[in-house]
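Have a look at the structure below, then the notes.
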């Protein structure tokens with residue numbers, strides 16, 4: 001009989017594999033979200049992104065939250081990794 005921990009580990013592994021294989025259509029991100037994603041990759045602060053895009057910091061935060069949700073992540077590093085996996089950054 002296996003422990004509950006092993007089952008949880010297996011479930012996490014399956015969820016991770018399923019997430020990696022998920023296809024995100026090119027039009028899933030708006031043009032502004034793509035720009036924000038590129039600036040996230042460049043490690044710009046939200047205020048710097050806002051300044052470059054001529055939008056408010058709150059709008060940047062909204063775009064970032066939307067990008068994270070669409071990519072199924074909850075942090076900048078995860079968004080960058082996921083975008084690379086999906087070829088969204090034109091590097092593949």
Exercise for the section: Give me the distance in nm between label points sitting 7 Å out from Cα along the Cα-to-Cβ direction at residue 62 and residue 44, one decimal. Expected result: 1.8 nm
Exercise for the section: Note down the Stokes-Einstein diffusion coefficient of the range 25-92 in µm²/s, whole number, using a Kirkwood radius over alpha carbon pairs, 37 °C, and 0.692 mPa s. Expected result: 278 µm²/s
Exercise for the section: Starting from the Cα of residue 81, step 7 Å along the direction of its Cβ; do the same at residue 53; then give the gap between the two resulting points in nm. Expected result: 2.3 nm
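Throughout, read-outs are computed from the coordinates displayed, never taken from laboratory work. Predicted, not measured: the structure shown is a model, and the values here were computed from it. Please note: Cβ atoms are built from the backbone with ideal geometry, for glycine as well, and neighbour counts cover all protein chains shown.
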